[in-house]
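These notes are about the structure you will find just below.
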Amino acid sequence: MVEKISKNLFNKARVIFKEIKKRIKDERYKPNLLEFQKSIQKLIEEYNTANWENRFVVGGALEILFCVFLRSLKFQCKWLKEERYDIEVEGVKFSLKSNFVGSGDIRLINILGNKRAIWEEPTLFFISGIGICYADPQMELKTKHTRDALVIEIEELKNLLKKTDEWLIPISIPRKPKNSKKIKTASYDVAKGILEEINSKYLMKYINEI
């Protein structure tokens, strides 16, 4: 029974992904797509994930940007704050994962100690140089456990896409810069924003010195 429910869930998720792909190709939504791609580029370039703090922030910002993008395409979409799911589209929950170098592994689930994790979520992978790839546990993709996570190799997803482009939305996702002169950090921007909101007179003049 559980397996049947899972199969129905993945079938629904696949149908929704195909509809997302169809609408993104629609010329009416070309300006929406260009704006979304521009927002991702700015996010990745300015909040470079070479800084560890930015990895969580960029992941969350990507979820928000994609959610509002889908809403602009007339989908019912919610931004979730759950442990294993990030957005809900037309009543189906998805996990979002990203890789901004286009190679290596992608963490599916973080784990602690000697626990074993099971991948159970319909997942959208945002991969630089590739685009948005859909995959789920019933596609017979190999995963592996590392010391602190369950991961999937980018090559495994590339092999899936070599067989068919059915599960790929080929949009532009830039690679993170290798050499950034200045990397923004969310904690700095939050602190500065708070000082601006309280109309700081004494602290604000020192914020740019940090």
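General remarks:
- Against the set (1) 17.2; (2) 18.7; (3) 19.5, the structure's computed Kirkwood radius over Cα pairs in Å falls on (2).
- Partner aspartates and glutamates whose Cα lies under 20 Å from the Cα of Lys205, excluding those fewer than 8 positions away in the same chain, are identified as Asp189, Glu196, Glu197.
- Separation of alpha-carbon centers, the range 23-60 and the range 124-140, rounded to whole Å: 16 Å
- Within a Gaussian network of the chain (alpha carbon springs, distance under 10 Å), most fluctuating of Pro31, Pro122, Pro170: Pro31
- Proxy reagent accessibility, fewest Cβ within 10 Å first, across Thr123, Thr185: Thr185, Thr123
- Placing a label point 7 Å from the Cα of Thr146 along the Cα-to-Cβ line, the residues of the range 43-84 whose backbone N sits under 20 Å from it are 48-60, 84.
- Over the residues of the chain, the helix contribution to mean residue ellipticity at 222 nm works out to -13500 deg cm²/dmol, using -39500 (n - 2.57) for each DSSP H run of at least 4.
- Estimated FRET transfer efficiency (Thr185, Lys25; beta-carbon r; R0 45 Å; 0.05): 0.80
- Extension gain from Ile111 to Glu35, taking 0.36 nm per residue of separation minus the Cα-Cα distance: 23.8 nm
- Along the range 198-208 the Karplus relation, 6.51 cos²θ - 1.76 cosθ + 1.60 evaluated at θ = phi - 60°, assigns HN-Hα couplings of 8, 6, 4, 9, 9, 8, 4, 6, 9, 5, 6 Hz to successive residues, with x for each Gly and Pro.
- Phi angles across the range 164-174 convert, under the Karplus curve 6.51 cos²θ - 1.76 cosθ + 1.60 with θ = phi - 60°, into 3J(HN,Hα) values of 7, 9, 4, 9, 10, 10, x, 9, 7, 10, x Hz, Gly and Pro given as x.
- Cα gyration tensor, the range 88-210 - rounded (a/c under 1.5), prolate or oblate: prolate
- Sorted fewest first by neighbouring Cβ atoms within 10 angstrom, Arg116, Arg14 come out as Arg116, Arg14.
- In percent, rounded to a whole number, the relative contact order of the chain is 20, using alpha-carbon pairs under 8 Å and six or more apart.
- Where a label projected 7 Å from the Cα of Lys81 along Cα→Cβ would reach, residues of the range 32-61 with amide N under 18 Å: 56-61
- Shape class of the range 138-210 from the alpha-carbon gyration tensor: prolate, with a/c at 1.5 or above and a/b greater than b/c.
- Rounded tilt (10° steps) of 186-197 against the dominant C-alpha axis of the chain: 50 degrees
- Greater than 21 Å apart at Cα, pairs in Lys97/Lys192; Lys38/Lys178; Lys21/Lys81; Lys42/Lys182: Lys97/Lys192; Lys21/Lys81
Taken together, the values in this text are just the output of simple stated rules run on the coordinates, not laboratory data. If you're wondering where the values come from, they're calculated on a predicted model, not measured in any experiment. Every residue, glycine among them, receives a Cβ derived from its backbone with ideal geometry; neighbour counts consider all protein chains shown.
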